[in-house]
Amino acid sequence: MQSGTAPPLHGTTRVPGDKSISHRALILGALAVGETKITNLLTADDVMRTLAAVEALGARVTRHPGGVFAVDGVGVGGMAEPADVLDLGNSGTGSRLLIGALATQPVTAQLTGDASLRSRPMARVTVPLEEMGARFVARAGGRLPLTVIGADEPAPMTYRLPVASAQVKSAILLAGLNAPGRTTVIEAKRTRDHTELMLRHFGAEVRVEDSNEGVRAVTVTGEPELRARPVFVPGDPSSAAFLAVAALIVPGSEVTIEGVGVNPLRAGLYDTLAEMGADISFANRREEAGEPVCDMVVRAGELSGIDVPAERAPSMIDEFPILAVAAAYARGRTRMNGLAELRVKESDRLAAIADGLAACGAKVAVEGDDLIVEGTGRAPAGGALVRARDDHRIAMAFLVLGLAAKVPVAIDDGRMIATSFPEFAGLMNALGAKIGDAAA
Ligand code: S3P
């Protein structure tokens, strides 16, 4: 795929439903009693894998007109043993959350995924879940394919997260649902709280205690009866990020993205872009099903390099590829601190960003776990064939870079974009971009 110099981007659009919230809606819908109606569920491959998995675990899912999905749940503790291996494709979230939910169910299940998912660390969830009574048989390093043997007598636990990970936190909280007593996860850096918010929405007792030092303890009381509740999935801020940065860097652009989720624990990119001088306004702030939502208006303009503190990384962990693109267009140095977790995403994103930017003629360096981009305030040269490393966000970030580069940018393979944002090229082109397979 490739992208070439675009005329100013103009128009009003929406992005598909939030991926994190979509996975959680299906899993909690499956664990609830009754029928959960989900509006605006993301229908990209990652989420469809979770949908197929919850069906294999006994939930019934039906698709209604208007894109509404209904999940008829089995209740906490009611998951059936799947008859075959659960294939979670590319999805770290689907696999880790399901491993958590299965850890305290009296069933045995096998999970696998694509080459990327099979290379990602799972010990971060299996080690604490063993303390709750589950057993696992996995490849070296706790990698998939992996067998979960759910606990016969689950025990609640208190666990301090060694890495800032919402997936690990969520896996333990979901396991805690079927354990008697209270399960607590303590996080030193706050991570996205969609699981906590949705557990409450479904009737679970969830206590959140914040300390002055920024430490947060989340406690779920086990063995609740979760009751089916309607879920409205807001537009994904991580998908909107690609449109927003495109509108910032293509001169003369003005784009409105309606209905975007702006949960503060997901909004780090937007805070960072504002510090860089971006012209972004957040209109019609409102709440939809417990999540804050707004209409984002983005206008092109000059950006300045800044320091992004390590504490902010969890609130924008998926946005560094596209922030690095914005930084390549900005004037001055942008230093992104504390990015160790980027090495274990769908690809080694630290290396993928650095290689791709360098190939496009930008000045970039990796120092320890920090990424440094030296922007000149002018468009980078482009003209490269960038290796997307089978990573959807690397693919989309470099296609955006090509929209204002001097020479078009190509990526080796854009097929993985379908895991999170199949509509990406269509939505961008409707705003005036030129992204496609043919010569741009
Ligand atoms: C997610 C958490 C993050 C993020 C991922 C989605 C979630 O992963 O990168 O895309 O839905 O909980 P980690 O928890 O591993 O940081």
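The values are calculated or read from the model by the stated rules, or taken from the named source; none is laboratory data. Keep in mind that what you see is a predicted model, and the values were worked out from it rather than measured. In this analysis, Cβ positions are derived from the backbone assuming ideal geometry, glycine residues included, and neighbour counts consider all displayed protein chains. Note: accessible area is taken over every heavy atom of the protein model, side chains too, but ligands, DNA and RNA are not part of it. Shrake-Rupley method; radii C 1.70, N 1.55, O 1.52, S 1.80 Å.
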Legend entry - Most mobile listed residue (Glu213, Glu287, Glu225) in the chain, GNM with C-alpha springs under 10 Å: Glu213
Inset, instruction - Place the peptides 399-407, 151-159 in order of packing, highest mean first, counting for every residue the other Cβ atoms within 10 Å and averaging per peptide. - result: 399-407, 151-159
Inset, instruction - With a 10 Å radius around each residue's Cβ, average the other Cβ atoms per peptide and rank 108-117, 17-26, 269-278, 131-140, highest first. - result: 17-26, 269-278, 108-117, 131-140
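Arranged from highest to lowest average of other beta-carbon atoms within 10 Å per residue, in what order do the peptides 62-69, 325-332 appear? Walk me through the intermediate numbers first.
Numbers: 62-69: 12.0, 325-332: 25.0.
So the peptides 62-69, 325-332, ranked by packing, come out 325-332, 62-69.
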Inset, instruction - Work out the charge dipole of the chain with +1 on the Cβ of Lys and Arg and -1 on the Cβ of Asp and Glu about the Cα centre, then indicate which of Ala240, Leu350, Gly338 is farthest towards its positive end. - result: Leu350
Legend entry - Potential extension, Ala358-Ala340 segment - 0.36 nm per residue separation minus Cα distance: 4.5 nm
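Given an 8 Å cut-off on Cα distances and at least 6 residues of separation, report the relative contact order of the stretch 85-197 as a percent.
Numbers: 231 pairs, mean separation 31.8, N = 113.
So the answer I get is 28 percent.
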Legend entry - Cut-off under 5 Å, modelled amide H: who pairs with Val308 long-range: Arg335, Met336, Asn337
Inset, instruction - Enter the Cα centre distance for the pair the stretch 218-241 and the stretch 16-58, rounded to the nearest angstrom. - result: 10
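With charges only on Cβ, +1 for K and R and -1 for D and E, what is the dipole size of the stretch 227-355 about its Cα centre, in debye, rounded to 20?
Working: 13 positive and 19 negative charges, 34 e Å.
That gives a dipole near 160 debye.
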Inset, instruction - Would you be so kind as to identify which of Ser281, Gly11, Ile435 lies farthest towards the positive end of the dipole of the chain, taking Lys and Arg as +1 and Asp and Glu as -1 on Cβ and the Cα centre as origin? - result: Ile435
Legend entry - For the chain, with +1 on Lys and Arg beta carbons and -1 on Asp and Glu, the positive-most of Pro145, Val218, Thr104 along the dipole: Pro145
Inset, instruction - May I ask you to derive the relative contact order of the stretch 286-414, considering only C-alpha pairs under 8 Å and at least 6 residues apart, and to give it as an integer percent? - result: 23
Inset, instruction - Using only alpha carbon pairs under 8 Å that are at least six residues apart, calculate the relative contact order of the stretch 189-343 and give it in whole percent. - result: 23
Inset, instruction - Treating the angle as unsigned and between 0 and 90°, give the value, to the nearest 10°, between the Cα long axis of helix 237-249 and the longest Cα principal axis of the chain. - result: 0
Inset, instruction - Would you count, across the chain, every pair of lysines whose alpha carbons are under 22 angstrom apart, provided the pair is eight or more residues apart or spans two chains? - result: 9
Inset, instruction - Would you pull out the residues with amide H under 5 Å of Ala134's amide H, same chain only if 5 or more places away, H placed 1.01 Å from N? - result: Ala151
Legend entry - DSSP bridge pairs, the chain: antiparallel proportion in percent, nearest 5: 75
Legend entry - Chain lengthening between Asp152 and Arg63 when straightened (0.36 nm per residue, less Cα-Cα): 28.6 nm
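About the Cα centre of the chain, how large is the charge dipole given +1 on each Lys and Arg Cβ and -1 on each Asp and Glu Cβ? Please answer in debye to the nearest 20. Please report the intermediate quantities before stating the final value.
Values: 44 positive and 52 negative charges, 86 e Å.
My answer is approximately 420 debye.
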Legend entry - Magnitude of the charge dipole, the stretch 289-440, Cβ model with Lys/Arg +1 and Asp/Glu -1, debye to 20: 580
Inset, instruction - Report in % the part of the accessible area of the stretch 33-176 that belongs to carbon and sulfur, leaving out ligands and nucleic acids; probe 1.4 Å. - result: 49
Legend entry - Extension reserve of the Glu55-Thr112 stretch, reckoned as 0.36 nm per residue once the Cα distance is removed: 18.9 nm
Legend entry - Long-range HN-HN contacts of Lys434 with modeled amide H, under 5 Å: Gly4
Legend entry - Inter-site label distance for Ala381 and Arg299 at 7 Å from Cα along Cβ, in nm: 3.4
Legend entry - Alpha carbon centroid spacing (whole Å) that separates the stretch 153-173 from the stretch 102-124: 15
Legend entry - For the stretch 98-111, Karplus couplings with θ = phi - 60° (6.51, -1.76, 1.60), whole Hz, Gly/Pro x: 5, 4, x, 4, 6, 4, 10, 9, x, 9, 10, 9, 10, 10
